[in-house]
């Protein structure tokens, strides 16, 4: 009789344990939002997918068929209210993964509408774009130059360079710039040496002081 | 009685199986999408070009500059002290270990900051902590450190101080001390430099 009740107890405990584990298992197993790709595939996708859409193309698409394109403004609501691109929808970054927002975005995708994200600049939209891509919302583009470029006349802002190298626009040739600056430095030092020999010690000491002042400035 | 024993053993085996599978489902290190979004919202990942310049000049041992451009671009121009991990190789075991085991703050650097931002995002998802991005990338480095803009006369003192600091940084990185427009008069140069330290000292004393 004693044996039976022990076994019963053990049985109950084991059953309870298994039930708890199954519950826990299923809770953990189904988070609402999941990655569609592992990290390494995500990296490959980042390197391959076209990232940007130009402001001109957006303007063109908006003029021709407003329903073909949806602009999503990622900036905070109060910034959006101050000024945004006409038909843009405001989805501040922090709310990007909220259920209704994601549903909106996914349904737009299903309809075949082109989705374009923008922030004040491209960098602001890059991470949200990459995140969406990793949870399965692909074919999204980032507005080239962001809101700030969109709203400045074509002539002024830095739009001359649309050459892309590894997804980054090439604006400066660093090596040439450095050479130019170093040459200037050499030139001025040559001129410095000419007037009087006393100038040379003066040249060395100020440089030291300069470094100190930069540090003290940080205090 | 025997059936009860049998049932008990079956349950125990099932429990064991679940417990075994469970940890494999979760990669506890990797961030979930929601956690990743939280990190995206946090702007403290950005270091300005001025901050990075200062860290290089002071030889700050707590940071590691990681340039994610191609090796070709890196060799053409790189920031002093930076190492090159092209983004394509970022998640390979060796580079990954190199930067994740490092106790230092990693600062990702790229041309305009976009590649650096993407690198940051992937490493964040992977679970790395203490990683940063130099805002604006090397393009902004050119615009602030190599060719700093002279603030208008009426600008606040802070802006002028910043400009002087940038000139100092430029001196450090290129050997050029003077702004292009001022170069005609060479006698101005020795005068310029002594003034700067005095300015800085008073600013520090006021703040400290």
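No value in this document is a laboratory result; all are computed from the given coordinates. If you're wondering where the values come from, they're calculated on a predicted model, not measured in any experiment. Note: ideal-geometry Cβ built from the backbone for every residue, glycine included; neighbour counts use all protein chains shown.
Observations on the structure shown:
- Contour excess over end-to-end distance, with Cα ends at residue A:113 and residue A:5 and 0.36 nm allotted per residue: 32.3 nm
- Ranked A:178, B:134, criterion: other C-beta atoms within 10 Å, fewest first: A:178, B:134
- Put simply, the Cα atoms of the stretch A:55-101 extend 31, 25, 13 Å along their principal axes, the longest span coming first.
- Cα pair count fraction exceeding 18 Å, expressed as % - the stretch A:1-131: 69
- Of the residues B:124, A:82, A:59, the one with the fewest other Cβ atoms within 10 Å heads the list, and the complete ranking is A:82, A:59, B:124.
- Among B:102, B:42, the ranking by other beta carbons within 10 Å of each residue's beta carbon, starting with the fewest, stands as B:42, B:102.
- Short to long, the 10 Å bins of the Cα pair-distance histogram for the stretch B:22-168 hold 11, 38, 31, 14, 5, 1, 0 percent of all pairs.
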